[in-house]
Amino acid sequence: MISQTEIRLDTNGRGTYDITSDVQAAVRDAGISLGLCNVFIRHTSASLMLCENADPAVLRDLETFMSRTVPDGDPMFTHTAEGPDDMPAHVRSILTQSDLNLPVRDGRCDLGTWQGVYLWEHRTAPHRRTVTVTINGD
Amino acid sequence: MISQTEIRLDTNGRGTYDITSDVQAAVRDAGISLGLCNVFIRHTSASLMLCENADPAVLRDLETFMSRTVPDGDPMFTHTAEGPDDMPAHVRSILTQSDLNLPVRDGRCDLGTWQGVYLWEHRTAPHRRTVTVTINGD
Amino acid sequence: MISQTEIRLDTNGRGTYDITSDVQAAVRDAGISLGLCNVFIRHTSASLMLCENADPAVLRDLETFMSRTVPDGDPMFTHTAEGPDDMPAHVRSILTQSDLNLPVRDGRCDLGTWQGVYLWEHRTAPHRRTVTVTINGD
């Protein structure tokens, strides 16, 4: 049985947003017990990741790492029409994930104890983001 | 219903190749309405990505970023049998994707407006590349 | 038909571990011919990758690259409770994969000739790791 739904999120700009409970709700609503849950983001300047969900410093350090590795306003970038964070947002998306595929068991995504599902907004301005969730199982 | 097909591409060497229409054709041929499309590359020196499909400068800037982050001929690399771009090609593949999993709705991959599916050839010489497409749905 | 199993691995600390034969065994046991195999790691300080399986120097060079790109003990990191390799392990996981989705054909993962499935332990100390394998097909 396959079903599909959407999660919509208005971000406040660059940062990480925990969507674990939204994803779990989508799986619960799908009514399957065993299978897979695909989480897909319909954008190229925001991305998805599974990350440690206990210490907020982990998320801050990830942002620090990305800001250093892909600096806003780096003169090597030519695609700057939308500002200094435009091209870095695409690079950050390429280096992380556009889709996650999570095992479902007993009617929920069977994540590890410390795993959360995060949307990572890479643009500095607020954006409306859409995530498609497709659940496939019995 | 599950079906599988292949996309074959002869690259002209390093660069990005838009395979969105090939993937959409595979989904159309599969005859499903709702489900998922898995795109898998059978190589470790070329990879896949979802990327902004409007401004070609984005793809050029991505190449610039990767060339700087994983320089050809970097003396830290010991696996150099096939030349200075050999090991960087493996690193670039690891940092991007070997498989993409795209939601299917109304008989096509339901991508965002600005998302295209790209094969990224990381070797400087031309290569024949094979991508397996597996479609699963109703 | 969907089935699910687990692979458990005791690592000796940082390094790559070939789990290709474990994944192929799981697919064989599932008894499907055509479909997909999802490999999912239940941790945020170890990850998965598809990598060249012929020359061990490739895996060593990947480790060298990651150690240089995400150095242990980097003073930019504040999440250091578990030691200098703690936060780098999370960053390395984010830059690689938590899940792989492999096409199944003729009852096995239809990988390219040079592709192996690896678990990459990013912590320096030994850890017990669990990988969930979900097989979906006919």
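Considering only residues of region A:1-22 that are within 14 Å of chain B (Cβ to nearest Cβ), farther than 28 Å from residue A:83 by Cβ and not β-branched (Val, Ile, Thr), which is surrounded by the fewest Cβ atoms within 10 Å (Cβ to Cβ)?
A:1
Got a number for residues in region A:69-111 being over 21 Å from residue B:48 (Cα atoms) and among the basic types (Lys, Arg)?
Total meeting the criteria: 2.
Quick check on my filter: what residues within region C:106-133 are farther than 19 Å from residue B:97 by Cβ and hydroxyl-bearing (Ser, Thr, Tyr)?
Once the filter is applied, which keeps residues that are farther than 19 Å from residue B:97 by Cβ and hydroxyl-bearing (Ser, Thr, Tyr), region C:106-133 yields C:113, C:124, C:130, C:132.
Just the residues that are among the aliphatic types (A, V, I, L, M), within 8 Å of another protein chain (Cβ to nearest Cβ) and touching a Lys or Arg at 6+ places or on another chain (Cβ under 8 Å), please, taken from region C:60-93.
C:70, C:76
Have a look at C:36, C:48 and point out the one that is in contact (Cβ under 8 Å) with a residue 24 or more places away in the chain and open to solvent by 30 Å² or more (accessible area, probe 1.4 Å).
C:36
One residue is enough: does region A:98-111 have a residue meeting the conditions within 24 Å of residue B:57 (Cα to Cα), more than 8 Å from every other protein chain (Cβ to nearest Cβ) and of a type in the set (S, T, N, Q)?
There is no residue in region A:98-111 that is within 24 Å of residue B:57 (Cα to Cα), more than 8 Å from every other protein chain (Cβ to nearest Cβ) and of a type in the set (S, T, N, Q).
When you look at residue C:26, is it crowded, with 22+ Cβ neighbours inside 10 Å, in contact (Cβ under 8 Å) with a residue 40 or more places away in the chain and farther than 28 Å from residue B:133 by Cα, yes or no?
no
I'd like the full set of residues that are polar (S, T, N, Q), closer than 29 Å to residue C:85 by Cβ and at the interface with chain B (Cβ under 10 Å from one of its Cβ atoms), limited to region A:23-59.
Once the filter is applied, which keeps residues that are polar (S, T, N, Q), closer than 29 Å to residue C:85 by Cβ and at the interface with chain B (Cβ under 10 Å from one of its Cβ atoms), region A:23-59 yields only A:47.
Residue check: is residue B:136 out of contact with any Pro (no Cβ under 8 Å at 6 or more places or on another chain), outside any loop (DSSP other than H, G, I, E, B) and within 21 Å of residue A:131 (Cα to Cα)?
It is true that residue B:136 is out of contact with any Pro (no Cβ under 8 Å at 6 or more places or on another chain), outside any loop (DSSP other than H, G, I, E, B) and within 21 Å of residue A:131 (Cα to Cα).
Which of the residues spanning region C:19-51 are small (Gly, Ala, Ser) and closer than 29 Å to residue A:53 by Cα?
Within region C:19-51, C:45, C:46, C:47 qualify.
Among the residues of region B:77-111 satisfying the criterion of being basic (Lys, Arg) and open to solvent by 20 Å² or more (accessible area, probe 1.4 Å), which is nearest to residue B:27 (Cα to Cα)?
If we take residues in region B:77-111 being basic (Lys, Arg) and open to solvent by 20 Å² or more (accessible area, probe 1.4 Å), then B:108 is nearest to residue B:27 (Cα to Cα).
Name the residues in region A:98-124 that are over 12 Å from residue A:43 (Cβ atoms) and free of Cβ contacts under 8 Å to residues at least 60 places away in the same chain, would you?
Residues satisfying the conditions are A:110, A:112, A:113.
For region A:113-138, which positions are open to solvent by 10 Å² or more (accessible area, probe 1.4 Å) and small (Gly, Ala, Ser)?
Matches in region A:113-138: A:125 only.
Among the residues of region B:26-53, which ones are aliphatic (A, V, I, L, M) and closer than 30 Å to residue A:138 by Cβ?
B:26, B:27, B:30, B:32, B:34, B:36, B:39, B:41, B:48, B:50
Pairs only if they're at least six apart or on different chains, beta carbon under 9 angstrom, first in region A:68-86 and touching a residue at least 60 places away in the same chain (Cβ under 8 Å), second open to solvent by 30 Å² or more (accessible area, probe 1.4 Å) and of a type outside the set (Phe, Trp, Tyr); list them, first residue then second.
Sorted first by the residue in region A:68-86, then by its partner, the pairs are A:85/A:14; A:85/A:72; A:85/A:73; A:85/A:124; A:85/A:125.
Cβ-Cβ distance below 6 Å, separation of 6 or more or different chains: which pairs start in region C:54-65 with a residue that is open to solvent by 10 Å² or more (accessible area, probe 1.4 Å) and end on one that is among the aromatic types (Phe, Trp, Tyr)?
Correct list of pairs: C:54/C:114.
The values are calculated or read from the model by the stated rules, or taken from the named source; none is laboratory data. In this text, all values refer to a predicted model and were calculated from it rather than measured experimentally. Cβ coordinates were reconstructed from backbone atoms using ideal geometry, including for glycine residues, and neighbour counts include every protein chain displayed. These accessible areas exclude ligands, DNA and RNA; they are computed on the full protein's heavy atoms, side chains included. Shrake-Rupley method; radii C 1.70, N 1.55, O 1.52, S 1.80 Å.
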